1. Residues of the stretch 1-40 being hydrophobic (A, V, I, L, M, F, W, C) and either modelled with pLDDT of 65 or more or loosely packed, with under 12 Cβ neighbours inside 10 Å (or both), which ones?
2. Working only within the stretch 53-89, note down all residues that are of a type outside the set (D, E, K, R) and assigned to a strand (DSSP E or B).
3. Determine whether Glu87 is modelled with pLDDT of 95 or more and surrounded by fewer than 18 Cβ atoms within 10 Å (Cβ to Cβ).
4. Could you check the stretch 120-133 and list, in sequence order, the residues that are crowded, with 17+ Cβ neighbours inside 10 Å and under 24 Å from Thr92 (Cβ atoms)?
5. Could you please let me know if Leu141 is within 13 Å of Leu29 (Cβ to Cβ), surrounded by fewer than 17 Cβ atoms within 10 Å (Cβ to Cβ) and in contact with a helix residue (DSSP H, G or I) (Cβ under 9 Å, 6 or more places away or on another chain)?
6. Name the residues in the stretch 119-133 that are among the polar types (S, T, N, Q) and either touching a helix residue (DSSP H, G or I) at 6+ places or on another chain (Cβ under 6 Å) or in a helix (DSSP H, G or I) (or both), would you?
7. Which residue is surrounded by the most Cβ atoms within 10 Å (Cβ to Cβ), if the candidates are limited to the stretch 103-118 and must be outside any loop (DSSP other than H, G, I, E, B) and under 13 Å from the mean Cα position of the chain (by Cα)?
Amino acid sequence: MVTQLKTLSIGPEKKIYLLDSDCGTDSVLEIKEQLGPFSSDITFKYSNVRSPLSQFWNNLETFCVAGCCGIDAFDFWPEAIVEAIKELYIETLVKQLERIKEEVLHSEAEIIGFRRLNHSFARTSFLVLIDYLITEVKQWL
């Protein structure tokens, strides 16, 4: 059974509904933060250089820290996204976000756990959020 829990603000009078689903299900997909072309790149494993995806999450984490506030620690308004991507490799970031989406689409999991955001999403809500982020970032390519 899916019920509305809360909303995630993505702009003035714009929101994404965060749905709850049956947490008793075995149908859970855990997203790894390092998805993308840099996940196994030795440069990123043994240096201080961060992948665009990791830096993107860090830059959006402005209200608090995910360990404390979970998804509410992140600012997903368009202006915050513009600031977050200013010094990132946008093309690579888009590819990383698209790989996350593909992983979810190829899974039958109903719950998407994303440790970096410290939140477990209903599949539908996660896909709405990731589509929104891809659209917002792509416009700056």
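1. Quick first cut of the stretch 1-40, residues hydrophobic (A, V, I, L, M, F, W, C) only: 1-2, 5, 8, 10, 16, 18-19, 23, 28-29, 31, 35, 38.
Matches in the stretch 1-40: Met1, Leu5, Leu8, Ile10, Ile16, Leu18, Leu19, Cys23, Val28, Leu29, Ile31.
2. Taking the stretch 53-89 first, the residues of a type outside the set (D, E, K, R) are 53-60, 62-71, 73-74, 76-78, 80-82, 84-85, 88-89.
The one that is of a type outside the set (D, E, K, R) and assigned to a strand (DSSP E or B): Phe74.
3. Details: modelled with pLDDT of 95 or more: no; surrounded by fewer than 18 Cβ atoms within 10 Å (Cβ to Cβ): yes.
So Glu87 does not fit the description; no.
4. Going residue by residue through the stretch 120-133, those that are crowded, with 17+ Cβ neighbours inside 10 Å are 120-123, 125-126, 128-130, 132-133.
Within the stretch 120-133, Phe121, Phe126, Val128, Leu129, Ile130, Tyr132, Leu133 meet the criteria.
5. Working: within 13 Å of Leu29 (Cβ to Cβ): no; surrounded by fewer than 17 Cβ atoms within 10 Å (Cβ to Cβ): yes; in contact with a helix residue (DSSP H, G or I) (Cβ under 9 Å, 6 or more places away or on another chain): yes.
No, not satisfied.
6. As a first pass, look at the stretch 119-133 and keep what is among the polar types (S, T, N, Q): 120, 124-125.
Thr124, Ser125, listed by residue number.
7. Applying the first criterion (outside any loop (DSSP other than H, G, I, E, B)) to the stretch 103-118 yields 103-105, 111-117.
Retained after the next criterion (residues that are under 13 Å from the mean Cα position of the chain (by Cα)): 103-104, 112-117.
Numbers: Glu103: 15, Val104: 18, Ile112: 26, Gly113: 15, Phe114: 23, Arg115: 13, Arg116: 16, Leu117: 22.
Applying the filter and picking the extreme gives Ile112.
Conditions tested, residue by residue: (1) at pLDDT 95 or above; (2) at negative phi.
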site: Ser54; (1), (2): no, yes
site: Leu60; (1), (2): yes, yes
site: Gly67; (1), (2): no, yes
site: Gly70; (1), (2): no, no
site: Thr92; (1), (2): no, yes
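The values are calculated or read from the model by the stated rules, or taken from the named source; none is laboratory data. What you see is a predicted model; the values in this text were computed from it and never measured. Heads up, the Cβs are rebuilt from the backbone with ideal geometry, glycines too, and the neighbour counts pull from every protein chain shown.
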